[in-house]
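A quick write-up on the structure given underneath.
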Amino acid sequence: MMGRAWMMASVAAGCLLAAAGGGAQAAEDAVVIGLLDDLSGPTADLSGKGKVVAAQMAIDDFGGQVLGRPVRLLASDHQNKPEIASTQAREWYDRDGVSMITGMSNSAIALAVRAIARERGKVDVIAGGTADSLIGADCSPTGILWTATARAIAGTTASVVAQTEKTWFMLTVDYSGGKSLEAAALEALKARGATVAGVARHPFNSPDFSSYLVQAQSSGAKVLALSNTGNDTLTALKQANEFGVRQSGMSIVGLYFDTTQIKALEDSAVKGLIYTSSFNWNRDAKAAAWATRFLEQRGALPSQSQAATYSSVLHYLKAVKAAGGTEPGKVIAQMRAIPVEDPVTGTGWVREDGRVMYDMYVLKAKARDAMTGPLDLVDVVKTVPPDEAFGPVSAECHLKS
């Protein structure tokens, strides 16, 4: 089996099974969920490792079984390579009895798995990729997109900041996800009458941003927008601090930043950073309690994609129960019919194009001396309602049952 793979049994089963053998036999009496993600690469801390914990929490919270069948979790490392992800997805769907694949950080991975799931009429619930085409030209009658799209993340941030800041420089990771973030921000900036002084593209997992930061500082822009994620965002922020980007008069926004990254940076590198998130653990007591429980199990606070994984797996199991089985069409119909309700999302719903609708939060990183506890890292700049954050159904989405 491609990548690093494990089969995690439910607490009720009380054991750990090797994923390489006995998959089809195990699937005969189990509902098997596959989690395909970055477990060892540059986004592993934000995605895969914690997603395994989050998915298992959802399974455990549901009771470890559905319709009298144990629920088991397979987890595999896609290594940020679409060809590895595609091979793993085919094996899971065709050989190992996996009824739903989730995770899929990295939009290229999500698009590759979506194509395989759509071809086979299988369920995919993306809790990682952000490409807008996943609810556009690449939408699927058996596909759900749980994580926020580039439009909701980058477009919302750009729209809010561009109310006062009108000249921007874009620093973008050179793959589909980064380009989607950039495109969404550019659309929002145009609508606000802002201009872009320059765009620089960098390779994925880049160790050196010095030349790009020099370009940004010499562009005359007032805002440096980081259209990247994971280690790339952290490295860019650290080096921007070393280069005195803020001291030169530029502000910095993260077009895909995560609250869990704040503590990984010096105060001077991150305080005041504005970004948009799909998860705000201080939304209410239930969200804070869930985040604390995750922290106790994982040893780190949950990222927004890890929170989305919990919510997606829990909702899928509710739909399986309501559908009376794992037949994809019936399960997807129930996922759309049942309201989304859990400690992570609060309340929401699944739209006809597979887009999960929920509030988004524009956040601002606090200075260290203003923080009062482990969950007190940000101020809420704006709570954005679902229809405003995600916009209407795309005309490019043509679903056929």
* Meets criteria (surrounded by fewer than 18 Cβ atoms within 10 Å (Cβ to Cβ), under 20 Å from Val173 (Cβ atoms) and assigned by TED's automatic domain parsing to the domain that holds Ala319) for Ser107 -> no
* Asked: How many residues does region 281-324 hold that are polar (S, T, N, Q), buried (at least 24 other Cβ atoms within 10 Å of the Cβ) and more than 30 Å from Phe243 (Cβ to Cβ)?
  -> 4
* Counted residues, region 185-205 - those being among the aliphatic types (A, V, I, L, M), more than 11 Å from Met170 (Cβ to Cβ) and in contact (Cβ under 8 Å) with a residue 60 or more places away in the chain -> 0
* To do: Please list, ordered by first then second residue, the pairs with beta carbon atoms under 7 Å, 6 or more apart or interchain, first in region 85-112 and without any contact (Cβ under 8 Å) to a residue 40 or more places away in the chain, second of a type in the set (Val, Ile, Thr) and outside any helix (DSSP H, G or I).
  => Ala110/Ile126
* Qualifying positions in region 112-129 - more than 10 Å from Ser86 (Cβ to Cβ) and either touching a Pro at 6+ places or on another chain (Cβ under 8 Å) or of a type in the set (Phe, Trp, Tyr) (or both) -> Arg118, Gly121, Lys122, Val123
* Condition test on Leu224, is it at pLDDT 95 or above, within 13 Å of Lys271 (Cβ to Cβ), out of contact with any Cys (no Cβ under 9 Å at 6 or more places or on another chain) and not aromatic (Phe, Trp, Tyr)? -> no
* To do: Could you please let me know if Val98 is in the same structural domain as Val331 (by TED's automatic domain parsing), closer than 19 Å to Val350 by Cβ and modelled with pLDDT of 95 or more?
  => no
* Asked: Hey, Gln163 hits all of (1) farther than 30 Å from Val331 by Cβ; (2) surrounded by fewer than 24 Cβ atoms within 10 Å (Cβ to Cβ); (3) at pLDDT 95 or above but one; which does it fall short on?
  -> (3)
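Tell me which residues, restricted to region 350-401, are farther than 21 Å from Asn282 by Cα, touching a strand residue (DSSP E or B) at 6+ places or on another chain (Cβ under 7 Å) and of a type in the set (Gly, Ala, Ser). Let's see the steps before the verdict.
Going through region 350-401, the residues farther than 21 Å from Asn282 by Cα turn out to be 350-355, 387-388, 390-401.
Pick out the ones that are also touching a strand residue (DSSP E or B) at 6+ places or on another chain (Cβ under 7 Å) and you get 350-351, 354-355, 390.
Listed by number, the list holds a single entry, Gly354.
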* To do: Being more than 17 Å from Ser159 (Cβ to Cβ) and either modelled with pLDDT of 95 or more or of a type outside the set (Asp, Glu) (or both) narrows it down to one of Thr229, Thr195, so name that one.
  => Thr229
* Those residues that are at negative phi, in contact (Cβ under 8 Å) with a residue 24 or more places away in the chain and surrounded by fewer than 21 Cβ atoms within 10 Å (Cβ to Cβ), I need them from region 247-259; list them, please. => Ser248, Ser251
* Asked: Of (1) within 30 Å of His315 (Cα to Cα); (2) in contact (Cβ under 8 Å) with a residue 40 or more places away in the chain; (3) acidic (Asp, Glu), Asp138 satisfies all except one. Which?
  -> (2)
* Assess whether Val393 counts as being assigned to a strand (DSSP E or B) and surrounded by 15 or more Cβ atoms within 10 Å (Cβ to Cβ). => no
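I'm trying to understand the selection: among the residues of region 206-245, which are at positive phi and either in contact (Cβ under 8 Å) with a residue 24 or more places away in the chain or crowded, with 24+ Cβ neighbours inside 10 Å (or both)?
Gly220, Gly230
The values are calculated or read from the model by the stated rules, or taken from the named source; none is laboratory data. Note that the structure is predicted; figures quoted are calculated from it, not measured. No Cβ is skipped: glycine too gets one built from the backbone with ideal geometry, and neighbour counts run over all protein chains shown.
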